[in-house]
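The values are calculated or read from the model by the stated rules, or taken from the named source; none is laboratory data. Because the structure is predicted, anything quoted here is derived from the model rather than measured. Cβ sites come from the backbone with ideal geometry, for glycine too, and all protein chains shown count toward neighbours. To get the accessible areas, we keep the full protein, side chains included, count just its heavy atoms, and leave off ligands, DNA and RNA. Shrake-Rupley method; radii C 1.70, N 1.55, O 1.52, S 1.80 Å.
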Amino acid sequence: MNRFAWSLIFGVSLAARVDAAAGVPVQSFDVDVPAAPMAVRSEGRTLLAYEIHLTNFADETFVLSEVGVRDAATGRALATYAGDALAERVKLVGHASASRAVAPGQRAIVFVEIDLARGDAVGALAHAISFARADGTTRTLTPAPMPLEVADTPVLGPPLRAGPWVAVHD
């Protein structure tokens, strides 16, 4: 294929990522879930716990405003984190303080924990990640649905019998 054809294909692919409001390409977060969530049962509850890694590839700071998790099949909301509740779940790699502001080149990890209702059969999760740009506009990313790890749900229990045992989670 000649150079002009490759340039045309590249130009068309850039046009697909054009910000409708401004008419220019917009960079944002790279979204990664390093390990697919898998439901576990503990104390009669079914829980999902996983991480969403967000890397800012733009040349401006983004402030996370909301992270929503839905059942991809039904659209039913499973969890929504915003404001202080979101700040408590965000860890900026290399920084001790909690912040929802993610600087250029920085990675934020959002820790998600969902308590599923008994009998819920969720096969895939859909996410909506909203953030504010430096110019005050808000954008929402909706990555592709993420399937759950399919396996028999492990049942967690105490590691040893007899005795006062405690598990601490911070």
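Each row is one residue, and each column tells you yes or no for (1) in a loop (DSSP other than H, G, I, E, B); (2) under 16 Å from the mean Cα position of the chain (by Cα).
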site	(1), (2)
51	no, yes
59	yes, no
67	no, yes
70	no, yes
86	no, yes
95	yes, no
144	yes, yes
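With respect to residue 74, is the statement that it is of a type in the set (Val, Ile, Thr), closer than 27 Å to residue 40 by Cβ and not in a strand (DSSP E or B) true?
Details: of a type in the set (Val, Ile, Thr): yes; closer than 27 Å to residue 40 by Cβ: yes; not in a strand (DSSP E or B): yes.
So residue 74 passes the test.
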Among (1) part of a loop (DSSP other than H, G, I, E, B); (2) open to solvent by less than 40 Å² (accessible area, probe 1.4 Å); (3) in contact with an Asp or Glu (Cβ under 8 Å, 6 or more places away or on another chain), the one test that residue 46 misses:
(1)
For residue 93, indicate whether it is modelled with pLDDT under 90, in contact with a strand residue (DSSP E or B) (Cβ under 6 Å, 6 or more places away or on another chain) and open to solvent by 10 Å² or more (accessible area, probe 1.4 Å).
no
Residue satisfying condition, being touching a helix residue (DSSP H, G or I) at 6+ places or on another chain (Cβ under 8 Å), at pLDDT 90 or above, of a type in the set (A, V, I, L, M, F, W, C) and surrounded by 17 or more Cβ atoms within 10 Å (Cβ to Cβ), within set 31, 67, 102, 112:
67
